[in-house]
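Chemist: What follows is a single structure, and I will ask about it in a moment.
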Amino acid sequence: MEQRSADNSILRRSRYTAVFLGLLIALAALVVWNINTGSVHIGVGEIARILFTGKGDDTAVGIVWKLRLPRIAAAAVLGGGLALSGFLMQTFFGNPIAGPFVLGISSGSKLFVALTMIVALRFVSFISSWMMVVAAFVGALIAMGFVLLAAKAIRQMSMLLVAGIMISYICSAITEFLIAFARDSDIVNLHTWAQGSFSGTKWGEVRIFTFIVLGCFLLVFCLSKPIGAFQMGEAYAQSMGVNVRRFRVVLILLSSLIAGCVTAYAGPISFVGIAVPHLVKLLLKTAKPIVVIPASFLGGAVFCLFCDYVARTAFAPVELSISTVTALFGAPVVIVMLIRRHGGRA
Amino acid sequence: MSEYYFRTADLSVGYNGKTLIRDITVSLRAGEIMTLIGPNGSGKSTILKSITRHLAAIRGDSFIADASVGAMSYKELSRKLAVVLTERIKGELLTCWDVVSTGRYPYTNTLGLLSPADREKVAAALESVHAADLADRDFTAISDGQRQRILLARAICQEPEIIVLDEPTSFLDIRHKLELLSILRSMAKEKGITVIMSLHEIDLAQKISDKILCVRGETIEHFGTPEEIFRQEIIDSLYDIDAGSYDITFGSVELPRPAGTPRTFVISGCGSGIPVFRRLQKEDQPFIAGILYTNDVDFQVARHLAAEVVSEAPFSPISEETYQRALTLMKTCDTVICAGVPIGESNRRIADLIEAARSLGLLREA
């Protein structure tokens, strides 16, 4: 038996390696592809020269450094963050279709960011990146609070999601209402943002969200052991030595912080949080956090880079909202997952 | 250190600050098996959850080797106490090996990676529950009996000093019940692991346990060895048995005896009567059994099923008085069934009884 299990572990390991290699190659390819495409055509040779020497045609340098690269960074880091946040919420609720978007966490963040922007622009005519992140985090936590209240009252998995979707609708309605009545011209942008988009990202913002999201990623990765215990159910996790009460708080704070941060910069983005961890688990054939966490992060980056590419190019020069594209590719994954799960149980 | 390895002191348990059962005081030596018995909903699980700290004790505390369980960190507790719970293990895409290996959690490094020594212990735990061949199987695709063994292996792998199991034999067929309990028994005796569990099968509880805790009502009325606890009146009142009966000696259950005036008399001995009693019971015909020695196996069943039993003390000749009583009762019946009985020196009056039945025209051979 030792022998067979040893063979099995070699098989597992080579599978993990293959998946990670595949994801890294896809990531690299999508980065190159995304730099290369856009409304202004720039040759590959020129891009290479701009990237490695910083010299070249001024407009081209501007497009690559100020538009395309920060946008790529946003799609990669925030996409990874979304997948991570989704994975944490699935672990917390023990529910494979939990995620920041369906539970209304993203919408809660959206509402608070819109509110902060309107108030800030009216009274102090100034808004910093950090204010947005804090507002988004607070909004995420408040929405999470409502979801937790609902979860306490109703034990059924599907009803929890219904509660989340309702919270999401309420928050979106209030946000739309605020945007419609805010006259400030600066808020014109708010509408695009409220639909979800990676466009218009600046390097200063990239620094902040990369710091937050990567920091959270490292923390979550270091927590993969208790997360693994938590996946077994709370009672077993406790018997394995996890302080469940404290750990629940950590999970809520981390997942809300990541979801809030993503929303602050890119608006609410649907389905990445559910579809990516699920696909990653299918590929890896395991749910072990120590491999699923980094793979989900990479997978989220790949998925969002791909979706952003489609959003930019499918109907160029018109840009689609990123959520439209993620829903198009993510929702079928979720539907298939639901059917397979129910099929398995029946 | 006291001579007891595990004890509870005035432990009161319940939910949301409401006491369900109070003042539980028990003590166990290392390697002893304590079983909680009692009717459904009596609070067996509540007590177990309080011992494992899944529920906060309302008052009092438990002690493992004189260390307060309430004051321990979860981490310390996890190295001393492992559990097999009734709730299903969550988690997806887990092989049995994966499930068992989670028992190593308290011993692995920060990232939870298994060392070669850990792997050996997982393999040994699987071996100890005879489940080595299940290692690579999907945990959700195995049978109930296999699942309980894997969960037990997981608990063993945690190298605890105490294992707490909540109804580990539910949903198992008889073979798997026996298999699981015998693994527990040998584990307790060979490795000195103390076992605390709840069981619905009181017959098995009687046979496997060193100590029995009867759970019913607000306080614990009975705690002791199976010999002390398994008395007819204690068990009958614990479970409120009014339909049917539970035989303390054999741990067998009988359905209620047929009601009404008996019209059948059964003569039997040395086990020949049991199938007849059962048939009459199923046909709902009340009957009288006799003459049976009180050490006859037929007597043990007849006393639960027959409307009346004419009996005689063992090893003595059947007295005239007993014979006359049997004859009188027999005459009130329509039928006498003779299931066959060996006649010897002391019970030769039975031959007279059979003869009387024949001359009355009541006799029917079984």
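Chemist: For the charge dipole of the protein assembly as shown, defined by +1 on Lys and Arg C-beta atoms and -1 on Asp and Glu C-beta atoms about the Cα centroid, which residue among B:Gly192, B:Ser316, B:Gly103 has the Cα displaced farthest towards the positive pole?
Modeler: With unit charges placed on the Cβ atoms, the residue in question is B:Gly103.
Chemist: For A:Arg155 and A:Asp58, what is the calculated FRET efficiency with R₀ set at 56 Å and r taken between the beta-carbons, to the nearest 0.05?
Modeler: On the way: r = 62 Å, r/R0 = 1.10.
The formula returns an efficiency of 0.35 here.
Chemist: Roughly what % of DSSP beta bridges within the stretch B:6-244 run antiparallel, to the nearest 5? It would help to have the intermediate numbers written out before the result.
Modeler: Values: 17 of 34 bridges.
Bridges in the stretch B:6-244 are about 50 percent antiparallel.
Chemist: Roughly speaking, what is the stretch gain from A:Arg122 to A:Thr324, that is 0.36 nm per residue apart minus the C-alpha to C-alpha distance, in nm to one decimal? Display every interim value, and only then the final one.
Modeler: Numbers: separation 202, 0.36 × 202 = 72.72 nm, distance 3.13 nm.
Gain on stretching A:Arg122 to A:Thr324: 69.6 nm.
Chemist: Also, quick follow-up: By how many degrees, 0 to 90 and rounded to 10, does the Cα axis of helix B:144-157 deviate from the longest principal axis of chain B?
Modeler: Between the helix axis and the principal axis of chain B, the angle is about 50 degrees.
Chemist: Here's another thing I want to ask about it. Assuming R0 = 60 Å, can you tell me the calculated FRET efficiency for the pair A:Leu24 and B:Leu255, based on Cβ-Cβ distance, to the nearest 0.05?
Modeler: Working: r = 69 Å, r/R0 = 1.16.
Using R0 = 60 Å, I get an efficiency of 0.30.
Chemist: Right, here's the next one. Tabulate in residue order the Karplus-calculated ³J(HN,Hα) for the stretch A:128-139, using 6.51 cos²θ - 1.76 cosθ + 1.60 with θ = phi - 60°, rounded to whole Hz; enter x for Gly and Pro.
Modeler: Whole-Hz 3J(HN,Hα) from phi for the stretch A:128-139: 9, 4, 5, 4, 4, 5, 4, 4, 5, 5, 4, x.
Chemist: Take every DSSP beta bridge with both residues inside the stretch B:1-92 and express the antiparallel ones as a percent of the total, to the nearest 5. Present the calculation step by step, with values, prior to reporting the outcome.
Modeler: Working: 13 of 13 bridges.
Of those bridges, close to 100 percent are antiparallel.
Chemist: If you stretched the chain out fully between B:Thr332 and B:Ser316, how much longer would it get, using 0.36 nm times the residue separation minus the C-alpha to C-alpha distance? Could you put the intermediate results ahead of the total?
Modeler: Details: separation 16, 0.36 × 16 = 5.76 nm, distance 2.68 nm.
3.1 nm is the gain from fully extending B:Thr332 to B:Ser316.
Chemist: Here's another thing I want to ask about it. In the neighborhood of A:Ala151, defined by Cβ-to-Cβ distances under 15 Å, what is the net charge if each Lys or Arg adds +1 and each Asp or Glu adds -1? Numbers along the way, then the final one.
Modeler: Working: positive: A:Lys152, A:Arg155, A:Arg248; negative: A:Glu234.
Charge balance in the 15 Å sphere: +2.
Chemist: What's the magnitude of the charge dipole for chain A around its Cα centre, counting Lys and Arg as +1 and Asp and Glu as -1 at the beta-carbon? Answer in Debye, nearest 20. Can you show the working numbers first?
Modeler: Details: 27 positive and 12 negative charges, 207 e Å.
Roughly 1000 debye, rounded to the nearest 20.
Chemist: Mean residue ellipticity at 222 nm from the helices of chain B, using -39,500 (n - 2.57) per DSSP H segment of n ≥ 4 over the full residue count, to the nearest 500 deg cm²/dmol? Don't skip to the end; give the middle numbers.
Modeler: On the way: 13 runs with 124 residues, N = 366.
Value at 222 nm, helices only: -10000 deg cm²/dmol.
Chemist: Regarding the stretch B:1-107, what is the average projected area of its C-alpha convex hull, in nm²?
Modeler: Details: hull surface 33.2 nm².
Value for the stretch B:1-107: 8.3 nm².
Chemist: Got a sec? Charge dipole of the stretch A:223-346, +1 on Cβ for Lys and Arg, -1 for Asp and Glu; which of A:Gly260, A:Val334, A:Ser323 is way out at the positive end?
Modeler: The Cα lying farthest towards the positive end belongs to A:Val334.
Chemist: Just the number please: accessible area per residue for chain B, 1.4 Å probe, all protein chains included, in Å². Numbers along the way, then the final one.
Modeler: Values: 16280 Å² over 366 residues.
Ligands and nucleic acids excluded, the result is 44 Å² per residue.
Chemist: Give a quick list of GluC sites (Glu not before Pro) in the stretch B:261-366 that DSSP marks as loop, anything other than H, G, I, E or B, with at most 14 other Cβ atoms within 10 Å.
Modeler: On the way: sites: B:Glu283, B:Glu308, B:Glu312, B:Glu320, B:Glu321, B:Glu345, B:Glu355, B:Glu365; in loops: B:Glu283, B:Glu345.
Those that pass, being in a loop and sparsely packed, are B:Glu283, B:Glu345.
Chemist: Same structure again: With the cut-off at 33 Å, report for chain B the share of all Cα pairs above it, as a whole percent.
Modeler: Values: 30627 of 66795 pairs.
I get 46 percent for the Cα pairs in chain B exceeding 33 Å.
Chemist: Each residue of the stretch A:70-75 in turn: what ³J(HN,Hα) in whole Hz from Karplus with 6.51, -1.76, 1.60 and θ = phi - 60°, glycine and Pro shown as x?
Modeler: x, 5, 4, 4, 4, 4
Chemist: Another question, then. If R₀ is 51 angstrom, what is the calculated FRET efficiency for the pair B:Leu111 and B:Glu227, using the beta carbon separation as r and rounding to 0.05?
Modeler: Working: r = 51 Å, r/R0 = 1.00.
It comes out at approximately 0.50.
Chemist: Tell me the net charge near B:Arg53. Cut-off is 13 Å between Cβ atoms, B:Arg53 excluded, with +1 for each Lys or Arg and -1 for each Asp or Glu. Intermediate results must be reported in sequence, preceding the final value.
Modeler: Working: positive: A:Arg245, B:Lys49, B:Lys75, B:Lys80; negative: A:Glu234, B:Asp61, B:Glu76.
Local charge sum for B:Arg53: +1.
Chemist: Full extension from B:Phe171 to B:Arg325: what is 0.36 nm times the residue separation minus their Cα-Cα distance, to one decimal in nm? Numbers along the way, then the final one.
Modeler: On the way: separation 154, 0.36 × 154 = 55.44 nm, distance 4.78 nm.
The span from B:Phe171 to B:Arg325 would gain 50.7 nm if fully extended.
Chemist: Further, regarding this structure: Comparing A:Met89, A:Met240, A:Met131, which has the greatest mean-square fluctuation in the GNM of chain A with Cα pairs linked when under 10 Å apart?
Modeler: Per the Cα network of chain A with a 10 Å cutoff, A:Met240 tops the list.
Chemist: Continuing with this model, one more query. May I have the convex hull volume per residue, in Å³, for the Cα set of the stretch B:91-156? Each step should come with its number before you reach the end.
Modeler: Working: hull volume 5.3 nm³, N = 66.
Value for the stretch B:91-156: 81 Å³ per residue.
Chemist: As an exercise, identify the chymotrypsin sites (Phe, Trp or Tyr not before Pro) in the stretch A:292-346 lying in DSSP coil whose Cβ has no more than 16 other Cβ atoms within 10 Å.
Modeler: On the way: sites: A:Phe297, A:Phe303, A:Phe306, A:Tyr309, A:Phe315, A:Phe329; in loops: A:Phe315.
Loop-located and lightly packed - A:Phe315.
Chemist: While we're on this one: How about the stretch B:54-133: which GluC sites (Glu not before Pro) there are in a DSSP loop, with at most 11 other Cβ atoms within 10 Å of their Cβ? Mind showing how you got there, number by number?
Modeler: Values: sites: B:Glu76, B:Glu87, B:Glu92, B:Glu120, B:Glu127; in loops: B:Glu87, B:Glu92.
The qualifying sites are B:Glu87.
Chemist: Quick check for me: using +1 on Lys/Arg Cβ and -1 on Asp/Glu Cβ, what's the dipole size of the stretch B:255-365 about its Cα centre, in debye to the nearest 20?
Modeler: Working: 12 positive and 13 negative charges, 64 e Å.
The calculation lands at about 300 debye.
Chemist: Treat each spin label as a single point 7 Å out from the Cα along the C-beta direction, and report the B:Arg263 to A:Ser9 distance in nm.
Modeler: Modelled inter-label distance: 7.5 nm.
Chemist: Step through the residues of the stretch B:24-36 one at a time and calculate ³J(HN,Hα) from phi using the Karplus curve (6.51 cos²θ - 1.76 cosθ + 1.60, θ = phi - 60°), rounding each to whole Hz and writing x for Gly and Pro.
Modeler: Karplus-based 3J(HN,Hα) across the stretch B:24-36 equals 8, 10, 9, 9, 9, 7, 4, x, 8, 10, 10, 10, 8 Hz.
Chemist: Looking at the protein assembly as shown, what % of its DSSP beta bridges pair antiparallel, to the nearest 5?
Modeler: Values: 20 of 51 bridges.
For the protein assembly as shown, the DSSP antiparallel bridge percentage is about 40.
Chemist: Sticking with this one: Among A:Ala74, A:Ala143, A:Ala287, which one shows the biggest mean-square fluctuation in a GNM of chain A, springs joining Cα atoms closer than 10 Å?
Modeler: Sorting by GNM fluctuation, first place goes to A:Ala287.
Chemist: Right, another one. By what distance, in whole Å, do the Cα atoms of the protein assembly as shown stretch along each of the three principal axes, largest value first?
Modeler: 127, 54, 47
Chemist: Which whole-angstrom value gives the distance between the alpha carbon centres of the stretch A:98-145 and the stretch A:219-278?
Modeler: With the stretch A:98-145 and the stretch A:219-278 each reduced to a Cα centre, they are spaced 20 Å.
Chemist: Now for a separate question. At what distance in nm do the modelled label points of B:Asp10 and B:Ala243 sit from each other, each positioned 7 Å from its Cα along Cα→Cβ?
Modeler: Going by the 7 Å Cα→Cβ label model, 4.3 nm.
Chemist: Have a look at chain A and give its Rg and Dmax from the Cα atoms, expressed in angstrom.
Modeler: So, for chain A, Rg and Dmax equal 20.7, 72 Å respectively.
Chemist: Still on this structure, I have one more. Comparing B:Leu213, B:Leu28, B:Leu178, which has the greatest mean-square fluctuation in the GNM of chain B with Cα pairs linked when under 10 Å apart?
Modeler: Result for chain B, Cα springs under 10 Å: B:Leu178 fluctuates most.
Chemist: Still on this structure: In the stretch B:302-320, which residues have a backbone nitrogen under 17 Å from the label point lying 7 Å from B:Glu345's Cα in the Cα-to-Cβ direction?
Modeler: From the stretch B:302-320, the list is B:314-319.
Chemist: Using amide H atoms built 1.01 Å from N in the peptide plane, name the residues 5+ places from B:Glu312, or on other chains, whose amide H lies under 5 Å from its own.
Modeler: Those qualifying (amide H under 5 Å, at least 5 residues apart or on another chain) are B:Leu292, B:Tyr293, B:Thr294.
Chemist: Report, in debye and to the nearest 20, how large the dipole of the stretch B:1-127 comes out about its Cα centre when Lys and Arg carry +1 and Asp and Glu carry -1 on their Cβ. Write down the numbers at each step before the final one.
Modeler: Working: 16 positive and 13 negative charges, 64 e Å.
The calculated dipole for the stretch B:1-127 is roughly 300 debye.
The values are calculated or read from the model by the stated rules, or taken from the named source; none is laboratory data. Treat the numbers as computed from the prediction; the structure is a model and nothing was measured. Neighbour counts are summed over all protein chains in view; Cβ atoms, including those assigned to glycine, are modelled from backbone coordinates with ideal geometry. Remember, those area values only see protein heavy atoms, side chains included, never the ligands or the DNA or RNA. Shrake-Rupley method; radii C 1.70, N 1.55, O 1.52, S 1.80 Å.
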